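The values are calculated or read from the model by the stated rules, or taken from the named source; none is laboratory data. Keep in mind that this is a model prediction, so the values were computed, not measured. We place every Cβ from the backbone using ideal geometry, glycine too, and count neighbours over all the protein chains shown. To get the accessible areas, we keep the full protein, side chains included, count just its heavy atoms, and leave off ligands, DNA and RNA. Shrake-Rupley method; radii C 1.70, N 1.55, O 1.52, S 1.80 Å.
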Amino acid sequence: MTNAKLKIENAVIKYEDTIVINDLSLQVHGGEMVFITGANGSGKSTLMRGIAGLLPLSAGRLERSQKMSYVPQIEEADRDFPACVREIVLTGTQRKKKFFYTRRDYELADKVMKELFIDELANHEIKNLSGGQLRRVFLARALCGEPDLLLLDEPCAGLDVESHRILFRILENELANGCAVIMVTHDDSDIEGIRDSRVIKISDGRIKI
Ligand SMILES: Nc1ncnc2c1ncn2[C@@H]1O[C@H](COP(=O)(O)OP(=O)(O)OP(=O)(O)O)[C@@H](O)[C@H]1O
Ligand SMILES: [Mg+2]
């Protein structure tokens, strides 16, 4: 796949009989930042779920890195899941099924929680977190997978100014290390926050330049 971390060709994604993504093609390389924009209901999250492998393609081809981490839109999170912050973040290290976490997994989880300023929440139940705190927990979980393809669906919703700044610093670092990042956003200031990014707009199930 050369340096392409994602290659979608003529993808069709639908819910029962309703086509949401229609004949969409996209290629993203390591170190590349792609923003996905478009109106509410245009299919951005559907496309992300398709790329993540949570929805099947009805037609077309999808080739992507196995080292993929996906952060869903916050509305999709199950807040009642009985787990504390550290437990959720640690699951991000589980790319291959293992019975135990290694010392390195714990160290990585601690490092990432510190970077996102949630280390003091490590033992808190996720159901008691604020929206912005929960968002940072899911970001930490994704980073623990050491991805080379990072999918972020509206990650900035509910983040305060400082958390937003930290996220973008982390993203710059991931991009410099060769990770491809795809981020859904409605906010132009996100797009301006990363140099040399590509912006694609979804409309009627397709990419509008
Ligand atoms: N699980 C589902 N079952 C059936 N239809 C769905 C499902 N999820 C989304 N849809 C429909 O698919 C279309 C695209 O939804 P999607 O969530 O991908 O939009 P979006 O661009 O992410 O919107 P937003 O900006 O509001 O997050 C909408 O018409 C929506 O109603
Ligand atoms: Mg969405």
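Within the stretch 94-109, the set of residues being touching a Lys or Arg at 6+ places or on another chain (Cβ under 8 Å) and either surrounded by fewer than 17 Cβ atoms within 10 Å (Cβ to Cβ) or at pLDDT below 95 (or both) comprises just one member, Arg95. Hey, does the stretch 31-45 have a residue that's aliphatic (A, V, I, L, M), within 16 Å of ligand 1 (Cβ to nearest atom) and buried (at least 17 other Cβ atoms within 10 Å of the Cβ)? Within the stretch 31-45 (the criterion being aliphatic (A, V, I, L, M), within 16 Å of ligand 1 (Cβ to nearest atom) and buried (at least 17 other Cβ atoms within 10 Å of the Cβ)), the answer is yes, since at least one residue qualifies. Filtering the stretch 117-144 to residues that are crowded, with 20+ Cβ neighbours inside 10 Å and part of a loop (DSSP other than H, G, I, E, B) leaves Ile118, Cys144. Just one of the numbered conditions (1) more than 16 Å from ligand 2 (Cβ to nearest atom); (2) under 17 Å from Leu143 (Cα atoms) is not true of Gly60: (2). For the stretch 17-35, check the following and say yes or no: at least one residue is free of Cβ contacts under 8 Å to residues at least 24 places away in the same chain, within 16 Å of ligand 2 (Cβ to nearest atom) and farther than 25 Å from Arg136 by Cα. Checked the stretch 17-35: at least one residue is free of Cβ contacts under 8 Å to residues at least 24 places away in the same chain, within 16 Å of ligand 2 (Cβ to nearest atom) and farther than 25 Å from Arg136 by Cα. The set of residues in the stretch 150-209 being farther than 17 Å from Glu32 by Cα, of a type in the set (A, V, I, L, M, F, W, C) and part of a helix (DSSP H, G or I) consists of Val161, Ile166. Residues in the stretch 175-209 that are open to solvent by 40 Å² or more (accessible area, probe 1.4 Å), within 17 Å of the chain's Cα centre (by Cα) and farther than 20 Å from Pro147 by Cβ: 3 in all.
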